[in-house]
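As C-alpha cells, the structure follows; a few thoughts come after it.
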Amino acid sequence: MANAIEDAMTLAPNNGDVLVFLPGVKEIKNVRRELLEDSSRRRRMGIDDDDDDGVELLTLYGSLPKQEQDYVVFPPPQESLKNRRRIILSSPIAEASLTLQGVTCVVDSGLRREPRCDVDTGMPKLVTVRCSRASAKQRAGRAGRLQPGLCVRIYSEQEFLGGDNKFMDHSMPEIWSSDLTPMTLLLIDWGCGSIVDVMENVPFVDRPKVEDLNRAFELLVNLGAVEQQQQQLVDTTMPTTKKKKLKKEEYRYKITNHGRVISKMPIHPRLATAIAKASSSSMLVASVTAAFLLDDETGSRGGGGGIFTTDLAPRVHELLLNNGHMMTQDGKNLIKFASRVSKEAREAVQRVMEHKESIPDVIASLGEALLPGYIDLVAQKRGDASYGGSTYMLSLGRSARLDKPRGNSSNSDAAPNFAIVLDTSTGDDGKTRIRSYVTIHDGILRREDVSVEKDVVFTVPSRGHEVRARRVRTVGALELSSVPTPTPPSPDDVAGALLDAIRSIGGVYKALYPYLSNEKKTLMDNLRSRVRLGRTFSSAGGWPACFAALDVTTNWNGKSSSANDDSNDDDIITMSMDEAEDILETLVEPWLAPAGSLKNVDLHDILLGSMATEQQYQLDNDFPTFIKAPDSSNIPISYSTGTPTASAKLQQFFGTLDSPRVGPQGAMPVTLSLLSPGGKLLAQTVDLPFFWKETYPTVRAENRGRYAKHPWPENPLSAVATRHTKKYEAASAVTSKEGGTIDKRKEKRASKKKKRKR
C-alpha cells in the first residue's frame, strides 16, 4: 500500500491531493506508521508536517474528533497552503457524497470493514471483506470531482469483473449484519418500548430483522439496561385451550437508570456496563483500558505495547507500563478515550500510568471488572482437545474453543479453568474460536451477587425419566457446584419436571406410549379405535376430548379434526396441535406426581378412567373386546385397523350360521380370520353362511390331508365346534361317560408312574 501511495503522488493529475481508501482505523494507523517510519520514503514523498511546502499526512474516520474531521473536509484557503499537498488516509466514510477539495487521485484497497453479529455468541465483531462494485465506483468518483482525476486500484481488473463473487454488485444493508444492541438502547430511551414499536414507528431505509432485535432486547435485559414492563401476557378471559399468548415482539420494555448512564457512553453497552459498575479505582482503570483495547472504533485491537495475545491481561499490563511521563501514541489515545468516558476515568488512568506500583491491582481486578458486561460469556473449561487447545462451555449455553498459543506468544500454555470471553471468531470448521479473554477466579463467580443457588428438579432419561433433585449453583448454563437436596422434591415440582420432560420428548403420546407393555399398547390402541366407533355409531354424546386430542397429535388417518367434549358425536371441530397437547397435559398431570417417573404412568388406564362408568358400560356392550365362539371360548376382537377383526381356528365355528357383529343393534360385522390348526390364515369372511357353502369345500380339500388329526367334516353345520384334535374329542367323549375328565385321567396315570419308580 505504501508503494501504491508513493506512485499515486507522482501520477496524480495537476499534482493534486491523494485520497486513500482503507477498510478501518487499524489499517489507517498501520499505513500512517509505515509512511512515517521509513525515512527514505518520507524524504522522497516530501512528507513533513512542519514544512509549509511539505506533504501533509492526514487521517479521516468516524471516531476522529469533529475538529480534526472538519480540517480535512473543509481545509484552510488554498492561498494559505501555498503549494502544499495532502495524503488523506480514510475509512469508507469518504465514500459519501461529500467533496474533498484538491483530491485528484484515489488509491482504493478494495476492502471495507463490515459489522457482523456472531449468531452463536451474540457478540459484535468487524470483519474485513471486499467492497461491492458499486462502492468501488463510488470511491473512484471521489477523484477529480472539480477537475480531471485518476483512480489506482490495488486489485486486478479480472478480480473486479470476474464471476468468483469476490466483488458483489451491491453491499448488503449494514443493518442486516450489525449488532443492533447500541441502536436498540437508544430507541428504547426515545420511547420505542417493544419490537413492534421499533418496526412500525422508526423510518428505516432497510428494516432490521426481528430475530436481531430480539437478541438485542435480551442482551439489554441481561445487562440491566432495560426491564420488562408489567403487562398481561395472556388473555385470561379465554378458555384454557384457547388462551392467546403475547408474542415476544409485543413485550414492552423501559430503560433503567443504568441504561441511561451507559447510553451516553460512546462504546458498546457491554463495555459501558463494565465501566459504569466499577466499584473501585483499579476496576475502573481495568474496564476503561480493556474497553480501549477491545472497542473497534478506537482501532486499538493491536495496541498494548505492540504485542497481541489471546489473554487480554498482558496487553493491558504493557499499555499501562509503557506510558507515563513519556507517552506512546497508544498511551495518548487511551487518555483521549478515557476522557470521552468521564473525567473520573481519565484521572484514574493517569494516576496508574504515573504510579506503576498500582498496575498489579488493575490486572488482578480485570476479570471482576469486565464481568458485569459479559455475564453471559463466562467460560468454563470442559477439557483438552486433540488439536492442542481446550474446549469451553459458555454461560449462554454454547461451546467454544481456545486454540493453543503459537510462536513466541506470551500466553501461558495452561488454559484457565474459568474465563470471560471478550471476542470470538468462527473457524474454518464452523466452530466458535475464542480470540480474546481474561481469566476470572471461581471464587468471584460463586458470590451470591453473581451466581444463583437453587434446587433443580430434573429427570433421568436412562431410568425411565425418574425425577431427581439437586441443589446447584449456576452462572447461566454453567454449573459451579451440585449436591443432593436435603428433602425430596414437592409433588408440584415432580409434576413440573415430568411435564417438561414430556414436552421435550414431543408430547404426551410420544413420551408415555413407549413405556406401556405390549399388552397395554394393544389395549390402548383398541380402546382408541372403539371410542372412534362409539362416536360414529352410538347415539350418546359427550365422549372425552382426550381421545380426539390423541387423534390430532398422532395424525390419525391424516386428519386434524375431533369431537368437542360438550358436543354431540356428530359435532366435529378443528383442533390445533397446541390445543390437543393442552388437553392431554391436563389429563395426565394429576397422575405425574404419584408416579414419580414417566415409565410408571399408565396412559391406557388414564384414558379409560376419563370415561364415565355409563360410557364404559355402553362401550363394552356395543363394542366388546371378546366374542363368544360356538365352542364356548372367548376370542379377542382387534379394532386397531378401524374395523373389528377376530382370529380363530376354523373348527371353532362349526355348527353355526351366525356371523358375529358388534355395535348398536349389531350395526357392524366382525371380520373373521379363520385359521388352520397350525395357525395359518385360510380365509377371511364377514358372512359365515356364504363361506360354508362356497369356500369351505375348497379349503377342506386343500387341508384335510395336511391336518388329518383334526376334523374336516363334509357338512360343517352338523359338526360340533372344537379347537381340539379328533383323538382328543374321542377321548373326551369316553371320559365323560366314565364321569371324569381327560385331565383327571392324566393325573391318575402320572400317579401310577410315581408309585412304580418308588
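Close amide-amide hydrogen proximity is noted between Arg435 and Asp423, Thr424, Ser425, each under 5 Å apart and 5 or more residues distant or on a separate chain (H modeled in the peptide plane; Pro and chain starts excluded).
The amide H of Leu111, built 1.01 Å from its N in the peptide plane, has Cys131 as neighbours under 5 Å, considering only residues 5 or more places off or on other chains.
The angle between the Cα long axis of helix 491-505 and the main principal axis of the chain comes to about 80°, on a 0 to 90 degree scale. Sorted fewest first by neighbouring Cβ atoms within 10 angstrom, Met172, Met524, Met183 come out as Met172, Met183, Met524.
Taking the chain as the reference, fit the longest principal axis to its C-alpha atoms, fit the long axis of helix 312-321 to the helix C-alpha atoms, and give the angle between the two in degrees, 0 to 90, nearest 10. With rounding to tens, the tilt is 20 degrees. When only Cα pairs below 8 angstrom with a gap of at least 6 residues are kept, segment 626-723 shows a relative contact order of 29 percent. Note on Arg33 and Gln67: the model spin-label points, each 7 Å out from Cα along the C-beta direction, lie 2.6 nm apart.
If you take the charge dipole of the chain about its Cα centre, with +1 on Lys and Arg Cβ and -1 on Asp and Glu Cβ, which of Gln138, Leu478, Met327 is farthest toward its positive end? Positive-most Cα among the choices belongs to Leu478.
Seen through its C-alpha gyration tensor, with square-root eigenvalues sorted a ≥ b ≥ c, segment 591-644 comes out prolate because a/c lies at 1.5 or above while a/b is bigger than b/c.
Entry note: segment 397-552 has Rg to Rh equal to 1.21, where both radii use alpha-carbon atoms and Rh is the Kirkwood radius. Just so you know, the averaged projected area of the alpha carbon convex hull for segment 633-729 sits at 6.4 nm².
Once you sort the root eigenvalues of the Cα gyration tensor of segment 269-372 as a ≥ b ≥ c, which label holds: rounded (a/c under 1.5), prolate (a/b larger than b/c) or oblate (the other case)? Rounded. Expressed as a whole percent, the proportion of Cα-Cα pairs in the chain lying more than 44 Å apart is 53%.
For Arg471, the residues 5 or more places off, or on other chains, whose built amide H falls under 5 Å of its own are Val456, Val483, Thr485.
Here the Karplus relation 6.51 cos²θ - 1.76 cosθ + 1.60, evaluated at θ = phi - 60°, turns the backbone of segment 265-273 into coupling constants of 8, x, 9, 4, x, 4, 5, 5, 5 Hz, with x for every Gly and Pro.
Below 12 angstrom from the Cβ of Leu675, what's the summed charge of the other residues (Lys, Arg +1; Asp, Glu -1)? Computed value for this residue: +3. A Förster radius of 60 Å, combined with the Cβ-Cβ distance separating Asp169 from Lys336, puts the computed FRET efficiency at roughly 0.95.
As a ratio to 2.2 N^0.38 Å, the alpha-carbon radius of gyration computed for segment 569-677 takes the value 1.43.
Rg then Dmax, both in Å and based on the Cα atoms of segment 2-172: 16.6, 56.
Of the cross-linked pairs Lys26/Lys336; Lys29/Lys336; Lys26/Lys332; Lys277/Lys343; Lys521/Lys649, those separated by over 20 Å at the C-alpha level are Lys521/Lys649. Among 645-653, 607-615, 371-379, 509-517, sorting by the average number of other beta carbon atoms lying within 10 angstrom of each residue, highest first, gives 371-379, 645-653, 509-517, 607-615. With contacts taken as Cα pairs under 8 Å at a separation of at least 6 residues, the chain carries a relative contact order of 6 percent. With θ taken as phi - 60° and the Karplus curve 6.51 cos²θ - 1.76 cosθ + 1.60 applied, the whole-hertz 3J(HN,Hα) list for segment 632-641 is 6, 8, 8, 10, x, 9, 9, 10, 5, 8 Hz, x standing for glycine and proline.
Highest mean first, the peptides 11-21, 150-160 sorted by other C-beta atoms within 10 Å per residue fall in the order 11-21, 150-160.
Each reported figure results from applying straightforward, stated rules to the coordinates on display, with no laboratory input. Here the structure is a predicted model, which means the values were calculated and not measured. Here the Cβ is made from the backbone with ideal geometry for all residues, glycine too, and neighbour counts use every protein chain on show.
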